[in-house]
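Chemist: Structure below; questions to follow.
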Amino acid sequence: MSRLQTLREALTHAPDNTALLLLYGHGCLDELHLDEALETFERILTLESDHIEAQICAARVMLLQGDTSGAAVRAERILQRDPVNTSAYLLLSRIHMMENNRAKALEFYNRAIEINSSATDPALEADLGRTQGKPALRDRIISTPIDVFEDEDTGELQQEFFDDPFEEAPISDWRPETFFAPGDSERFRVTFSDAGGMEALKEEIRLKIIYPLQHPELYKAYGRKTGGGILLYGPPGCGKTLLLRATAGEVSCNYFAVGIHEVFDPYYGSIERNLHQIFETARANSPCVLVFDEIDSLAPDRRTVRDTQMRNVVNQFLSELNGLRSDNHRILVIGATNAPWQLDPALRRPGRFDQAIFVPPPDHAARMEIIRLLAREKPLAKFDDNALAAATEGFSGADLHWVFNRAAELALADALHAKKTVPITMELLQTIAREHVPSSQAWMDGMKQHIPATTQDALYNEVRKFMQQTASKKP
């Protein structure tokens, strides 16, 4: 018989025993039976309304359920009765941190430490940037070698260090142009349902940032942390950028999408400073998702780069990624590129972008899903999504979008002359599809030139496997 079953049996004989109820409530909380845990703690409070531990536990359960306002009300009530309750102050600090009010969170945390210096919460302390005994980020960047690589001219091994191009950079209040805070209604305009297919990729994003925030205790039990790095690569127009935008509509935390124009600057050392400020902002607003599209522009292969400043930019970027790993911040960094062969190999070392996912042109099922999305609210006649999917083998999402747009233009021209609505026919859609060359074909042809036959790399192997499967389908 399990511990919970034993306690449940004991409570049938003593249903009003608060000590037993408290043990049972803690057991339910440990097993993540949140509804049952809250019901148990509420039962204790009906028997003893001033039971402080039950009030604290009930507030914690509410926080795990996502009811931050309810949890805050509970914690504030506790402080009205017990002004020196450190657990309530720590709980309020956690609540304000989740609501991105770092100043208030720090105020409550400091108050708890003033009352009881041993009442620490290491995870919360790290989120607040109060972790003691670690060197400053800038010191780690300057003193730590970034990577070792072979010089193409001499054949000698070279060690890269960060060349400090700027003086001490303060934490900035910088925000990217695309920034969504929790609760921002604009973020929900695009979600995973708007991005057809790519189910494996969507689930990977859920595993790294969505589920950990929903089930923190479960992830803690398995020793898994929030965040990490995901690199998306593949032909243009296959949904990488759309999926990055849709992620904002799925996650409950902050979302930063950094445009390349927000990083690059004509002044020497400014790019490194900008990158540092971007990551500092992410740290100050964690948990969050930090997105870099066209990441190959920020981290080109240093073996092919002769410009000293650009090499420093790559070093800075790698250092910031290292900092996220060592600081244990809850940040998911997602990078996307159409040219994976141009990336510096060090970018994919463990702890940086250790998860590389190939985003190929959509398969038949995914094309059908995209086609249905594109067909919504359009005047169609005798529409057959399965037949159109079969006629668009190798088409990217962008290609399919173009087919529908072109068909709509031609049907609209006929409607203007006829002065009535003219439906878009299947024949028209299929004719346009037959005349269109898939844009991904040029990417595949270029990729063949960058994949040496002897290369055994997971990134290239996925592309090679896709090409072989595509070739086997051709008559």
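Chemist: Sort 422-435, 51-64 by the packing proxy (mean of other Cβ within 10 Å over each peptide's residues), most packed first. Walk me through the intermediate numbers first.
Modeler: Working: 422-435: 16.8, 51-64: 21.4.
Those peptides, ordered most packed to least, come out 51-64, 422-435.
Chemist: Using θ = phi - 60° and the Karplus curve 6.51 cos²θ - 1.76 cosθ + 1.60, what whole-Hz ³J(HN,Hα) does each residue of region 311-321 get, with Gly and Pro shown as x?
Modeler: Working through the residues one at a time gives 5, 5, 4, 4, 4, 4, 4, 5, 5, 5, 5 Hz.
Chemist: Counting other beta carbons within 10 Å of each residue's own, what order do Leu38, Leu20 fall into, fewest first?
Modeler: On the way: Leu38 22, Leu20 18.
Result, fewest neighbours first: Leu20, Leu38.
Chemist: Under 5 Å between amide H atoms, partner at least 5 residues away or on a different chain: which partners does Ala356 have, H built in plane at 1.01 Å?
Modeler: Those qualifying (amide H under 5 Å, at least 5 residues apart or on another chain) are Leu231.
Chemist: Here is a further query. Output wanted: per-residue J couplings in Hz (rounded whole) for region 50-65, from phi through Karplus 6.51 cos²θ - 1.76 cosθ + 1.60, θ = phi - 60°, x for Gly and Pro.
Modeler: Using θ = phi - 60°, the values come out as 9, 6, 4, 5, 5, 5, 4, 5, 4, 5, 5, 4, 4, 5, 5, 7 Hz.
Chemist: Please order His261, His33, His364 by the number of other Cβ within 10 Å, starting at the fewest. Walk me through the numbers on the way to the answer.
Modeler: Working: His261 8, His33 16, His364 13.
Ascending number of Cβ neighbours within 10 Å: His261, His364, His33.
Chemist: Among the listed pairs Lys202/Lys465; Lys382/Lys419; Lys382/Lys448; Lys240/Lys420, give every one whose C-alpha distance is greater than 31 Å. Before the final figure, lay out the partial values.
Modeler: On the way: Lys202/Lys465 21 Å; Lys382/Lys419 22 Å; Lys382/Lys448 40 Å; Lys240/Lys420 38 Å.
Beyond 31 Å: Lys382/Lys448; Lys240/Lys420.
Chemist: Oh, and also: What is the sum of charges, Lys and Arg at +1 and Asp and Glu at -1, for the other residues whose Cβ falls under 14 Å from the Cβ of Ile52? Please report the intermediate quantities before stating the final value.
Modeler: On the way: positive: Arg60, Arg74, Arg77, Arg81; negative: Glu48, Asp50, Glu53, Glu76, Asp82.
My count for the surroundings of Ile52 gives -1.
Chemist: In region 242-307, which trypsin sites (Lys or Arg not before Pro) fall in coil by DSSP and have 14 or fewer other Cβ atoms within 10 Å?
Modeler: Arg306
Chemist: Moving on to the next point. Listing Lys419, Lys240, Lys104 from the residue with the fewest other Cβ atoms within 10 Å to the one with the most, what is the order? Working shown, then result.
Modeler: Numbers: Lys419 7, Lys240 26, Lys104 15.
Result, fewest neighbours first: Lys419, Lys104, Lys240.
Chemist: Excluding Leu275 itself, calculate the net charge of residues whose Cβ lies under 11 Å from the Cβ of Leu275, where each Lys or Arg counts +1 and each Asp or Glu counts -1.
Modeler: On the way: positive: Arg273; negative: Glu262, Asp265, Glu272, Glu280, Glu320.
Neighbourhood net charge equals -4.
Readers should treat all values here as calculations from the given coordinates under stated rules, not as data from a laboratory. Remember, predicted model here, so these are calculated numbers, not experimental data. Here Cβ is always computed from backbone atoms with ideal geometry, including for glycine, and neighbour counts include all displayed protein chains.
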